[in-house]
Number of protein chains: 2
Amino acid sequence: MKQNRPEQSAIVPDIDTILSEIDRNLEVATAKLFDLISIPSISSEPESKPAIERAAAWLERELAVMGFAAETVQTAGHPVVMARSTAGDDASGDLPRLLFYGHYDVQPIGDRDQWVHPPFEPEVIEEDGLHRFYGRGASDSKGQLWTFIEALRAWKAVEGQFPAEIVIMLEGEEECGSPSLPAFIDIRRDDLACDVAFICDSDMWSPTQPAITTQLKGLVHERVIISAPNPDLHSGHYGAVAANPIRILSTILAGLHDDAGRVTIDSFYDGVREIPESLRAKWRELSRHEGLFDDVDLRGGSVEAGYSLLEAMWGRPTIDINGITGGNQGPGERSVLPGSATARISFRLVAAQDPEAVRQKFRDHVRARLPEGCTVEFVGADGSSAVMLSQDSAFLRATARGLEAEWDTPTILKGTGGAIPLVQHLADGLGAECIVIGWILGNDAIHAPDERYDVERLRRGTRSWIRILDEVRQLP
Amino acid sequence: MKQNRPEQSAIVPDIDTILSEIDRNLEVATAKLFDLISIPSISSEPESKPAIERAAAWLERELAVMGFAAETVQTAGHPVVMARSTAGDDASGDLPRLLFYGHYDVQPIGDRDQWVHPPFEPEVIEEDGLHRFYGRGASDSKGQLWTFIEALRAWKAVEGQFPAEIVIMLEGEEECGSPSLPAFIDIRRDDLACDVAFICDSDMWSPTQPAITTQLKGLVHERVIISAPNPDLHSGHYGAVAANPIRILSTILAGLHDDAGRVTIDSFYDGVREIPESLRAKWRELSRHEGLFDDVDLRGGSVEAGYSLLEAMWGRPTIDINGITGGNQGPGERSVLPGSATARISFRLVAAQDPEAVRQKFRDHVRARLPEGCTVEFVGADGSSAVMLSQDSAFLRATARGLEAEWDTPTILKGTGGAIPLVQHLADGLGAECIVIGWILGNDAIHAPDERYDVERLRRGTRSWIRILDEVRQLP
């Protein structure tokens with residue numbers, strides 16, 4: 001870790017040669033990334049545990065081969081792969097210490113039939129003028145973490161040593177809310193201490209314009225299961241008179257928003273402050289940039305009245321229904337009055353909203369609307385709070401300059417509706433400055449069928465890290 | 001078929017001996033029924049086609065062994081098993097001709113995990129003072145059709161011939177709306193012509209009180225699939241602004257009824273006449289009988305305002321939601337904004353409502369509520385109209401007397417919320433009088449997990465047919 005660094009190192013790295021090394025090795029780097037994508041490391045499905053272990057072992061091996069001191073650290077949940085540069089590689093103690101975070105776990109694939117391309121067999125396909133590849137985790141987030149690993153490899157291959165002390169942390173449970181991470185960070189505080197943490201799991205503003213995400217929403221997942229007083233009944237016999245949990249659930253879900261698109265849960269907005277006019281002005285400016293909504297058709301959507309699209313996405317708490325299940329799921333028709341129905345809900349929180357308080361308000365809301373004799377069960381996973389990161393710091397400006405050098409256009413500081421629980425854990429646990437970047441695009445279909453990425457973004461993302469390292473290296 | 005029958009046959013059958021034969025053979029009859037229940041003849045699932053064929057072949061063989069002229073008749077859908085008594089057995093032309101209808105197909109099992117007992121491995125279990133057995137089709141309707149087959153076997157075993165000309169028709173697609181039956185009836189009109197058709201697929205009033213169902217509702221199944229303009233999206237990125245088909249579908253489903261429990265679809269009630277005061281009075285009288293609602297907990301239900309439970313069930317058109325599916329169905333949480341959501345709806349119709357007209361009104365209703373940019377797809381199966389059968393005829397009175405003789409208590413003439421499309425087809429196609437009876441009970445869990453029946457009801461249902469045949473035999 002940088003403590004009292006002497007004057008700027010006299011050795012000026014040969015950035016052009018490092019960038020050429022990345023271009024030269026692109027085919028190999030792509031093939032290695034495909035190996036990683038081929039491992040179905042779905043963190044939320046217990047049957048995928050062996051794949052999780054396999055992905056961690058694969059990463060540890062790759063990092064060890066590059067000369068890192070690498071280890072797979074078991075947690076109460078899925079393992080964390082840790083790697084750090086060794087003394088010979090970085091002249092530790094004299095250089096800034098940089099933490100690189102990525103996650104190797106992926107979302108479930110959902111309905112396999114909705115994938116045109118197989119979810120775990122990536123191959124390069126030429127389409128839309130790109131060398132595209134498909135697979136769960138292609139962009140979220142194996143395609144992200146591979147950019148900094150390949151960049152560090154190239155830097156060391158050319159220069160012989162890193163321009164900073166490097167710590168790499170690859171998590172295996174980001175897609176299920178990072179439940180084991182706070183304890184892990186607490187135990188490994190010294191190993192993780194850093195001057196800046198780069199969280200590489202975010203998106204660009206557009207295919208040609210880089211971005212740093214400085215504001216993230218909190219996230220609470222909640223499953224609600226409503227049961228009638230009877231198990232399944234014949235709907236012909238009792239449909240007209242007995243409780244139907246699907247009808248009850250639908251009514252509750254339909255009532256979560258009023259006609260203005262505001263959430264109706266009592267005191268849901270408590271502690272939510274109006275978006276400051278300065279930020280609204282900035283976002284109004286941003287929304288004039290092209291690109292952000294190019295890949296999505298917003299017709300039929302329902303935005304809270306009084307707010308712009310960006311304000312609703314980044315600055316207002318929202319509720320999504322992520323799944324619903326009840327009664328007949330088979331191929332044929334069935335005259336059944338189901339005994340229960342389930343919805344999966346998620347809350348996206350801002351600033352001062354406490355995840356557990358929101359969860360309780362929702363539960364109270366549902367209980368108050370439950371007809372007599374019916375019961376409700378809730379299943380909740382750990383929640384995370386919203387995060388507001390620094391909008392201006394030496395590291396942030398250096399990162400923005402690095403991105404700008406690669407993409408030849410200004411870096412946009414943006415918010416997101418997404419959550420990365422890790423950011424809060426790192427900020428709280430280490431007191432480290434966090435910088436959230438990445439090269440995901442809106443039409444990468446992350447969390448959806450046919451998730452994709454492309455070779456050119458892998459290349460330019462990797463090159464971006466070289467530019468960023470070069471900028472960080474020159475900080476006083 | 002009875003044409004100009006001479007005076008009453010002089011030979012008086014030995015009813016007590018026939019009844020004893022049924023009691024004597026009970027174990028064998030139960031074992032045979034178990035063989036039939038073990039065949040998973042689910043008519044609505046294409047992969048069950050071999051089981052359907054196996055069930056039909058099993059029945060044809062059993063009926064042939066009993067001396068019937070039996071055949072399996074292929075249709076555009078699943079086969080119909082036909083059997084008729086031969087000349088030596090019934091002195092045809094001189095006796096009334098009776099048609100016995102049952103169906104050998106069953107409902108899907110739904111979620112296997114919800115069954116405590118295996119759905120296709122029946123065995124006798126002593127519980128609640130009964131010799132109960134579990135299995136899909138145990139009561140609906142293999143346990144029903146087996147009562148008249150075993151009764152006819154016993155009659156012939158004791159008497160050497162039947163007291164009537166017998167036609168048996170066992171259908172394989174009742175649980176999916178009998179789509180092939182109208183064409184089949186048309187082609188086999190002469191074989192099916194009869195003086196009365198007994199439809200054995202209905203329920204008792206209570207465990208101790210028999211009933212004849214004289215009023216059935218119509219039925220329309222409809223699947224509605226709502227799609228957003230985008231396929232699945234990341235709910236963190238676009239949840240606040242893009243269309244969510246689950247939310248749209250929930251809102252439409254929640255709005256199908258107003259606060260008074262009335263259906264809100266425009267002109268849904270067109271042609272529906274108020275229930276005549278005479279019928280309401282009769283039903284008020286019936287609702288003082290104990291038993292009908294003993295097995296079901298009606299708390300949380302929603303009955304149309306202004307109507308009693310029986311009136312809502314038997315005399316008012318209703319809508320049920322039988323299933324709903326959308327977004328994440330996996331074991332873990334997934335931050336997905338789904339591309340589509342599906343509901344399965346059924347309409348229970350009365351008197352003059354036309355199934356196709358109701359379907360179109362529903363489709364118009366949904367289309368009118370569809371947000372811009374979203375699309376809807378409908379998948380409909382054949383519908384059936386409501387049926388009002390004779391409330392008073394010689395055959396009906398004979399049947400009621402027969403039931404009364406076995407159960408030693410009056411037979412109740414009742415309605416049902418259920419539909420048996422076949423009844424309309426038979427009434428329309430043959431102009432035959434239809435009598436709908438059976439020994440199903442409310443807690444038999446038909447169409448639900450752990451469907452059940454018991455040996456005593458099998459015995460007394462079988463014995464009931466002997467009493468009915470004896471009454472019919474004596475009609476002038």
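Structure notes:
- Counts of other chain beta carbons within 10 angstrom of each beta carbon in peptide B:248-261 average 4.
- Orientation-averaged projected area, Cα convex hull of region A:25-122 (nm²): 8.1
- Base-10 log of normalised Debye intensity for region A:20-75 (one unit scatterer per alpha-carbon) at q = 0.17, 0.29 Å⁻¹: -0.65, -1.14
- Take every DSSP beta bridge whose two residues both sit in the protein assembly as shown; close to 70 percent of them are antiparallel.
- Estimated translational D of the protein assembly as shown in µm²/s (Stokes, Kirkwood radius over Cα pairs; 25 °C; 0.890 mPa s): 78
- Principal-axis tilt of helix B:142-159 within chain B, Cα atoms, nearest 10 degrees: 10
- Sorted shortest first, the distances from the A:Ser20 label point to those of the same residue in the other copies are 11.0 nm; each point sits 7 Å from Cα along Cα-to-Cβ.
- Among beta bridges that DSSP assigns inside chain B, antiparallel share in %, nearest 5: 70
- Averaged over A:301-310, number of beta-carbon atoms from partner chains that fall within 10 Å: 4
- Placing unit charges on the Cβ atoms only, positive for Lys and Arg and negative for Asp and Glu, gives region A:202-263 a dipole magnitude near 60 debye about its Cα centre.
- For the segment A:105-112, counting C-beta atoms of other chains within 10 Å of every residue's C-beta and taking the mean gives 4.
- With θ taken as phi - 60° and the Karplus curve 6.51 cos²θ - 1.76 cosθ + 1.60 applied, the whole-hertz 3J(HN,Hα) list for region B:295-302 is 9, 9, 9, 8, 4, x, x, 9 Hz, x standing for glycine and proline.
- Label point 7 Å beyond Cα along the C-beta direction, distances from A:Val116 to other copies (nm, shortest first): 5.0
- Degrees, to the nearest 10: B:245-254 long Cα axis against longest axis of chain B: 60
- Taking the inverse of the mean 1/r over every pair of distinct Cα atoms in region B:80-146 gives a Kirkwood hydrodynamic radius of 15.0 Å.
- Placing unit charges on each Cβ (+1 for Lys and Arg, -1 for Asp and Glu) gives chain A a dipole about its Cα centre, and among A:Ser390, A:Gln107, A:Pro355 the Cα reaching farthest toward its positive end belongs to A:Pro355.
- Principal semi-axes of the equivalent ellipsoid, √(5λ) from the alpha carbon gyration tensor of region B:254-412, are 38, 20, 16 Å from largest down.
- Radius of gyration, Dmax [region A:423-470; alpha carbons; angstrom]: 14.4, 38
- Given +1 at the Cβ of Lys and Arg, -1 at the Cβ of Asp and Glu and no other charges, the dipole of chain B around its Cα centre is 880 debye to the nearest 20.
- Shortest first, A:Ala260 label-point distances to identical copies amount to 3.1 nm, with the label point at 7 Å from Cα along Cα→Cβ.
- For region A:385-460, alpha-carbon Rg relative to the globular expectation (2.2 N^0.38 Å, N residues): 1.26
- Pair-distance distribution P(r) for region B:333-476, from all Cα-Cα distances in 5 Å bins starting at 0: 2, 7, 12, 13, 15, 13, 11, 8, 6, 5, 4, 3, 1, 0, 0 percent.
- Kirkwood estimate for region A:352-423, i.e. one over the average of 1/r between Cα atoms, Å: 16.3
- Extent along the principal axes, Cα only, for region B:162-213: 40, 34, 14 Å, with the longest axis given first.
- Cα-based values for region B:58-184, radius of gyration first and Dmax second, are 16.8, 54 Å.
- The order of the peptides A:167-174, B:107-114 by mean Cβ neighbours within 10 Å, most packed first, is A:167-174, B:107-114.
- Across every pair of non-identical alpha carbons in region A:138-181, the mean reciprocal distance, once inverted, gives a Kirkwood radius of 12.2 Å.
- Helix B:355-368 vs. chain B, principal-axis angle (Cα, 0 to 90°, nearest 10): 10
- Calculated on C-alpha atoms, the gyration radius of region A:180-295 divided by its Kirkwood radius gives an Rg/Rh of 1.13.
- When the convex hull of its Cα atoms is projected in every direction, mean area for chain A (nm²): 23.8
Read-outs throughout are calculated quantities, based only on the coordinates presented, and are distinct from any laboratory measurement. Computed from a predicted model, the values in this text were never measured in an experiment. Using ideal geometry, Cβ is built from the backbone for each residue, glycine included, and neighbour counts are taken over all protein chains shown.
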